[in-house]
Amino acid sequence: MKVILVIAALTSAISINAQISIGEKFDNVNDFCFSSDGKLLIVPINDKINIYETTNYELINEFKPKDQASISFVSLSNSGNLIASSTKDSTLIIWNLRTGKSVNLTNVKSSITTIKFSPDDEFLAIGTSDNKIIIYEPKSLKVQKSLLSHTDYITDLEYYNNDIILSCSADGSIIIWDIPNKVPLNKWKASNNWIRDISLNRSKSNIISCGDDGKINIWNIEDLNEIELIRTKKMSFSWLMSCEFYDNEIYAVGGHSKRIYIYAPKLNFRYRVQSYINKLSFLPNSDKLIIAIATQGSGLKIVSTEDMKLTD
């Protein structure tokens, strides 16, 4: 897999004005993740999982399932030892990051729509197209819990802590789950359309949601039993596919308008790409605002706010 680097200055990629492109011209990148320390970037492209280090975004390893199935979603354990991936034929695979060998795999009856490790890495949660959240023990891939309350496709999951997970769905609802008891702590209608993504801020006091109505909503969840809508904003006439908090105040959103918007105190930024945006995420532990953008047909872009336009 070719890695294209378009760099405006030959210094550290984390501190330069640069746009970095990963993948070929027409590659669809549906998902990616950073390690918790920000030193590694995991990107599934076609039938491979590519591992990059983020000093200069060199490709350092690649994993490939034996059946050559296209890879849809990935998650890196918080310890950095394991990668979970799903293929389009609904195979869930656990990889050893150090050896590049698969630890275990299992076939899921319905399509896998998202994957997340718990904060302590003891569990792995997946969302499915038949409305379920299935929680596994990662290495054995034995099912530990199954959560069912949504009435449509699960679109995203976010762990609040080891015992509480948040989910959103095509049914327009957001649920806060008590995992040990397998029941919702709270459930509310967040939209009359699909909710595509949710993100927790750093203090876990707020979540942001976005979806097919082109709106972002920010919810106060300091009291998990009393959810308060504190901000709503129409961002686009197209679907919003991804939203992400950087800290308690800075967040980004993007989707089918082919634009991303970053909102920060007193400074707002926008940036345009050539294809629909599937996912965006900030580089962790960086002294600058750097964001990765997964696109539907032009690979993955890594951009600093220094390369973006200021907007009102």
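The values are calculated or read from the model by the stated rules, or taken from the named source; none is laboratory data. Quantities reported herein were computed from a predicted structural model and do not represent experimental measurements. Virtual Cβ from ideal backbone geometry, glycine too; neighbours counted across all protein chains shown. The area values use the complete protein model at the heavy-atom level, side chains included, leaving out ligands, DNA and RNA. Shrake-Rupley method; radii C 1.70, N 1.55, O 1.52, S 1.80 Å.
Among the residues of segment 171-189, write down those that are open to solvent by less than 10 Å² (accessible area, probe 1.4 Å) and either over 22 Å from Leu240 (Cβ atoms) or under 17 Å from the mean Cα position of the chain (by Cα) (or both). Full working, then the answer.
From segment 171-189, those open to solvent by less than 10 Å² (accessible area, probe 1.4 Å) are 172-177; that's our starting set.
Matches in segment 171-189: Ile174, Trp177.
Go through (1) open to solvent by 10 Å² or more (accessible area, probe 1.4 Å); (2) out of contact with any Phe, Trp or Tyr (no Cβ under 8 Å at 6 or more places or on another chain); (3) under 16 Å from Ile164 (Cα atoms) and name the single condition Asp197 misses.
(3)
Being in contact (Cβ under 8 Å) with a residue 40 or more places away in the chain, farther than 25 Å from Asn220 by Cα and either open to solvent by less than 10 Å² (accessible area, probe 1.4 Å) or in a strand (DSSP E or B) (or both): is that true of Ile135 here?
Numbers: in contact (Cβ under 8 Å) with a residue 40 or more places away in the chain: yes; farther than 25 Å from Asn220 by Cα: yes; either open to solvent by less than 10 Å² (accessible area, probe 1.4 Å) or in a strand (DSSP E or B) (or both): yes.
Answer is yes for this residue.
Per-residue answers, yes or no, for (1) small (Gly, Ala, Ser); (2) free of Cβ contacts under 8 Å to residues at least 60 places away in the same chain; (3) assigned to a loop (DSSP other than H, G, I, E, B); (4) touching a Phe, Trp or Tyr at 6+ places or on another chain (Cβ under 9 Å):
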site: Thr155; (1), (2), (3), (4): no, yes, no, yes
site: Glu158; (1), (2), (3), (4): no, yes, no, no
site: Ile165; (1), (2), (3), (4): no, yes, no, yes
site: Asp171; (1), (2), (3), (4): no, yes, yes, yes
site: Ile176; (1), (2), (3), (4): no, yes, no, yes
site: Asn181; (1), (2), (3), (4): no, yes, yes, no
site: Trp188; (1), (2), (3), (4): no, yes, no, yes
site: Asn192; (1), (2), (3), (4): no, yes, yes, no
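Considering segment 29-63 alone, what residues qualify as being within 21 Å of Ala125 (Cα to Cα), aromatic (Phe, Trp, Tyr) and open to solvent by less than 20 Å² (accessible area, probe 1.4 Å)?
The one that is within 21 Å of Ala125 (Cα to Cα), aromatic (Phe, Trp, Tyr) and open to solvent by less than 20 Å² (accessible area, probe 1.4 Å): Phe32.
Would you kindly identify the strands (runs of 3 or more DSSP E) lying entirely within segment 15-127 that contain at least 1 residues that are under 15 Å from the mean Cα position of the chain (by Cα) and of a type outside the set (Asp, Glu)? Steps first, answer last, please.
Working: elements: 18-22, 40-45, 48-53, 58-63, 71-76, 82-87, 91-96, 102-107, 112-117.
Here the list reads 40-45, 71-76, 82-87, 112-117.
Confirm whether Glu244 is assigned to a strand (DSSP E or B), free of Cβ contacts under 8 Å to residues at least 40 places away in the same chain and not β-branched (Val, Ile, Thr). Steps first, answer last, please.
Working: assigned to a strand (DSSP E or B): yes; free of Cβ contacts under 8 Å to residues at least 40 places away in the same chain: no; not β-branched (Val, Ile, Thr): yes.
When the stated conditions are applied, Glu244 does not pass them.
How many of the residues in segment 64-93 are farther than 23 Å from Trp177 by Cβ, crowded, with 20+ Cβ neighbours inside 10 Å and of a type in the set (Val, Ile, Thr)?
Of the residues in segment 64-93, 4 are farther than 23 Å from Trp177 by Cβ, crowded, with 20+ Cβ neighbours inside 10 Å and of a type in the set (Val, Ile, Thr).
Any idea which of Ile260, Ile227, Ile250 is open to solvent by less than 70 Å² (accessible area, probe 1.4 Å), more than 22 Å from the chain's Cα centre (by Cα) and touching a residue at least 12 places away in the same chain (Cβ under 8 Å)?
On the way: Ile260 fails: more than 22 Å from the chain's Cα centre (by Cα); Ile250 fails: more than 22 Å from the chain's Cα centre (by Cα).
Just a single option satisfies the conditions, and that option is Ile227.
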